[in-house]
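Q: Below you'll find the structure I mean.
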Amino acid sequence: MGTRCLTYVYEGKTPLMCLYRQFDGYPSGHGAELANFLNKIEVGNGIPGKPEMGEFANGMGCLAAQLVAHFKKSVGGFYIHSVENGGGVDYEYHVYPDKIVVTESDEDVFSGSWIDFAEYCKSE
């Protein structure tokens with residue numbers, strides 16, 4: 001049985017999107033991959049010059065779309081999930097513009113910057 005997780009992307013307090021992962025959802029798996037993805041991207045408002053995918057996101061909606069493109073490489077494994085009907089998974093990752101919150105079994109186990117999140121994932 002896989003370690004399932006949900007990754008929510010927020011704009012303010014509103015979840016824009018939720019991505020379900022069927023397996024490897026633990027912090028040293030999905031968490032580390034998510035941290036690597038997030039820490040390569042600058043999020044801004046407006047598109048400066050000709051930024052590359054994976055280097056710049058024009059707001060959190062653009063970040064959410066790039067996150068899906070980054071993780072979804074084949075049939076199965078990853079699915080868009082309702083932002084209203086979460087739960088029933090081992091881990092949840094809540095991505096905000098300035099932080100990420102990780103829950104395990106509905107209990108917060110990490111809250112901090114994207115950079116600190118990368119360090120957290122290495123220690124898990």
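Q: So if I check each of 49, 54, which one is in a loop (DSSP other than H, G, I, E, B) and closer than 18 Å to residue 32 by Cα?
A: On the way: 49 fails: closer than 18 Å to residue 32 by Cα.
After ruling out the rest, the residue left standing is 54.
Q: Can you pull out every residue in region 100-121 that is touching a helix residue (DSSP H, G or I) at 6+ places or on another chain (Cβ under 8 Å) and under 13 Å from residue 34 (Cβ atoms)?
A: 100, 102, 110, 114, 117, 118, 120, 121
Q: Please work out which one of (1) among the small types (Gly, Ala, Ser); (2) in a helix (DSSP H, G or I); (3) in contact with a helix residue (DSSP H, G or I) (Cβ under 9 Å, 6 or more places away or on another chain) is the condition residue 25 fails and give its number.
A: (2)
Q: Determine whether region 72-82 contains at least one residue that is in a loop (DSSP other than H, G, I, E, B), of a type in the set (Val, Ile, Thr) and modelled with pLDDT of 95 or more. Before the answer, list the steps.
A: Start the filter on region 72-82 by keeping residues that are in a loop (DSSP other than H, G, I, E, B), which leaves 72-77, 82.
If we keep only those that are of a type in the set (Val, Ile, Thr) too, we end up with 75.
Still in the running and modelled with pLDDT of 95 or more: 75.
Among the residues of region 72-82, at least one is in a loop (DSSP other than H, G, I, E, B), of a type in the set (Val, Ile, Thr) and modelled with pLDDT of 95 or more, which makes the answer yes.
Q: Quick check: anything in region 22-29 touching a Cys at 6+ places or on another chain (Cβ under 8 Å) and within 13 Å of residue 100 (Cβ to Cβ)?
A: The answer is yes, given that some residue of region 22-29 is touching a Cys at 6+ places or on another chain (Cβ under 8 Å) and within 13 Å of residue 100 (Cβ to Cβ).
Q: Could you tell me whether residue 65 is buried (at least 16 other Cβ atoms within 10 Å of the Cβ) and either aliphatic (A, V, I, L, M) or within 15 Å of residue 98 (Cα to Cα) (or both)? Can you show your working first?
A: On the way: buried (at least 16 other Cβ atoms within 10 Å of the Cβ): yes; either aliphatic (A, V, I, L, M) or within 15 Å of residue 98 (Cα to Cα) (or both): yes.
In short, yes.
Q: Can you name the residue in region 98-115 that is assigned to a loop (DSSP other than H, G, I, E, B) and at pLDDT 95 or above and is also farthest from residue 63 (Cα to Cα) among such residues? Spell out how you get there, then give the answer.
A: Step one: list which residues in region 98-115 are assigned to a loop (DSSP other than H, G, I, E, B), which gives 98-99, 105-106, 113.
Adding the requirement that they be at pLDDT 95 or above leaves 99, 113.
Values: 99: 14, 113: 16 Å.
Here the answer is 113.
Q: What residue, among those in region 73-112 that are charged (D, E, K, R) and in contact (Cβ under 8 Å) with a residue 40 or more places away in the chain, is surrounded by the most Cβ atoms within 10 Å (Cβ to Cβ)?
A: Kept after step one, since they are charged (D, E, K, R), are these residues of region 73-112: 73, 84, 90, 92, 98-99, 104, 106-108.
Subset that is in contact (Cβ under 8 Å) with a residue 40 or more places away in the chain: 90, 92.
Numbers: 90: 16, 92: 21.
Going through the qualifying residues, I end up with 92.
Q: Quick check: anything in region 25-43 free of Cβ contacts under 8 Å to residues at least 40 places away in the same chain, within 18 Å of residue 117 (Cα to Cα) and surrounded by 19 or more Cβ atoms within 10 Å (Cβ to Cβ)?
A: Just the residues of region 25-43 that are free of Cβ contacts under 8 Å to residues at least 40 places away in the same chain, to begin with: 29, 33, 37, 40-42.
Among the residues that remain, those that are also within 18 Å of residue 117 (Cα to Cα) are: 29, 33, 37, 40-42.
Okay, now just the ones that are also surrounded by 19 or more Cβ atoms within 10 Å (Cβ to Cβ), so 41.
There is at least one residue in region 25-43 that is free of Cβ contacts under 8 Å to residues at least 40 places away in the same chain, within 18 Å of residue 117 (Cα to Cα) and surrounded by 19 or more Cβ atoms within 10 Å (Cβ to Cβ).
The values are calculated or read from the model by the stated rules, or taken from the named source; none is laboratory data. None of the values given here were measured: they were computed from a predicted structure. Glycine also receives a Cβ, built like all others from the backbone with ideal geometry; neighbour counts cover every protein chain displayed.
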